[in-house]
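Readers should treat all values here as calculations from the given coordinates under stated rules, not as data from a laboratory. Worth saying up front: this structure is predicted, and the values here are computed from it rather than measured. Note that we place each Cβ from the backbone using ideal geometry, even for glycine, and neighbour counts take in every protein chain shown.
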Amino acid sequence: MMFQLSAYLFVFASLFLTRAEPISRKELEKNYAKGLHLISLTDNSDPVWKTEAETLELIRAHINFFDVTDIYDPEKEATVALSRYASFAAIDDISIQATYASPSHQSAVTPLFKTVSVSNMQSYLGNLTAFNNRYYTSTTGVQATTWIVNTVSQIAALYPNSKATVSAFKHTWAQSSIVAKIPGSTNGPITILGAHMDSINSASPSSGRAPGADDDGSGSVNLIEAFRVLLASGFKPTTPVEFHWYAAEEVGLRGSQAIATSYKSSNVQVKAMLQFDMTAYVKPGVKETIGLMPDYVDAGLTSFVASLIDSYLLIPWATSQPCGYACSDHASWYKQSYPAALPFESLFSNSNANIHKTADTTAVSGFSWTHTLEYAKLAVAFAYELAI
Ligand SMILES: *[C@@H]1O[C@H](CO)[C@@H](O)[C@H](O)[C@H]1NC(C)=O
Ligand SMILES: [Zn+2]
């Protein structure tokens, strides 16, 4: 009887806990030195080692992944592994959804929309797309970070009463992420608006032309303009607001993972994280719609974003088809148990097919400045409603 029970337990356990020992520090360091990447391809499997060429193959095949090379922590893995096997239950557990009050600042927020400028966003995007590419290891990718730091710092300098700060978040690769912070009258929790500033030509990553106008120049300039509008309005939040422009999203969400894991380990409290990744394309002939992603997001925050769209924007929302594993930077926050959401340019099925190519420009038929303007307004409303 004892034997049978333990045999049963052993079979049961081996079905679910097929995980090997965590990767040792020694193996991490050895493979890191060889230039290998540690890649997570699904929720319920261990990460695997890939060469640089193999990771680029995954990108070309449109297979999303987390590159966890920098953030893998052998000490944490034992507990993470156990919770990972329980995560399917947790994802749908309604009791862990964050809750948010209904939008209530229409009389203060709506007048700000008149000051959200398409021509500013056109100018910012002209500058960002002028870099040959914004790849995370290229010289122009580094210059693009410097351009954002300078541009956002110049805006902050115009409004010193805001006490806003801008800093580069350095990584183990050349391109830094950028964090602009509007302090609150209290320390937290923080409201985060994110976009990724890198771009990629997947056929020729290091030197190929990658204007990345929609992916993700659009979200990047939405955030620059929303930051400017809030500071110009004299916005003095109760809780802090941060604007993040992530490096190295296209190669496995590396910038956002570095920041999200750093916040988690410092016990930083986050009220909400909203990702802006591709906000400018409306497929010709298709009804203009904001696609709310249903997977790897917080359902309570997504409902709140829907209510912001209903209250403030000129176009409706609809629930998109799933975006899938590791599809944009919100997933890095989701993975650290922070509430995150992704309002996308359309239903996933109607999104811009020109991304990761030379062709991702503002000249694409369907690229819409009035469409992306709505996302800049959403960014303003999101920051104001959550942080004032
Ligand atoms: C941004 O682009 C404008 C032209 O649209 C140009 O005049 C300006 O010098 C550029 N700024 C930077 C910092 O490159
Ligand atoms: Zn992309």
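Quick notes on this one:
- Percentage relative contact order, segment 181-270, counting C-alpha pairs under 8 Å, at least six apart: 47 percent
- Separation of alpha-carbon centers, segment 366-388 and segment 299-349, rounded to whole Å: 13 Å
- If you plug the beta carbon distance of ARG60 and SER265 into 1/(1 + (r/R0)^6) with R0 = 35 Å, you get a FRET efficiency near 0.55.
- Spacing of the modelled spin labels on GLU29 and ALA101, each 7 Å from Cα toward Cβ, amounts to 5.2 nm.
- Length-normalised contact order for the chain - Cα pairs under 8 Å, 6+ apart - percent: 20 percent
- Computed FRET value (nearest 0.05) for SER349 with THR370, which takes r as the C-beta separation and R₀ as 25 Å: 0.70
- Ranked list, fewest to most other Cβ atoms within 10 Å of each Cβ, for HIS37, HIS356, HIS330: HIS356, HIS37, HIS330
- Difference of contour (0.36 nm per residue) and Cα-Cα distance, THR137 to LYS236: 32.0 nm
- Nearest-20 debye value, segment 259-388 charge dipole, Cβ charges on Lys, Arg, Asp, Glu: 140 debye
- Candidates PHE235, ALA331, LEU347 compared by Cα position along the dipole of the chain: farthest toward the positive end lies PHE235, with charges placed on Cβ.
- Stretch in the chain that is longest and holds no trypsin sites (Lys or Arg not before Pro) that DSSP places in a loop and that have at most 13 other beta carbons within 10 Å: 171-286
- Residue exposure proxy: SER40, SER206, ordered by other Cβ atoms within 10 angstrom of their Cβ from fewest to most, comes out as SER206, SER40.
- Beta bridges from DSSP with both residues in segment 106-387: antiparallel share about 45 percent, rounded to the nearest 5.
- Once the Cα atoms are used to define both axes, helix 139-158 deviates from the longest principal axis of the chain by about 50 degrees.
- For the options SER320, SER107, SER185, a Gaussian network treatment of the chain with springs between C-alpha atoms closer than 10 Å singles out SER107 as fluctuating the most.
- Counting only Cβ charges, +1 for Lys and Arg and -1 for Asp and Glu, the dipole size of the chain around its Cα centre is about 740 debye.
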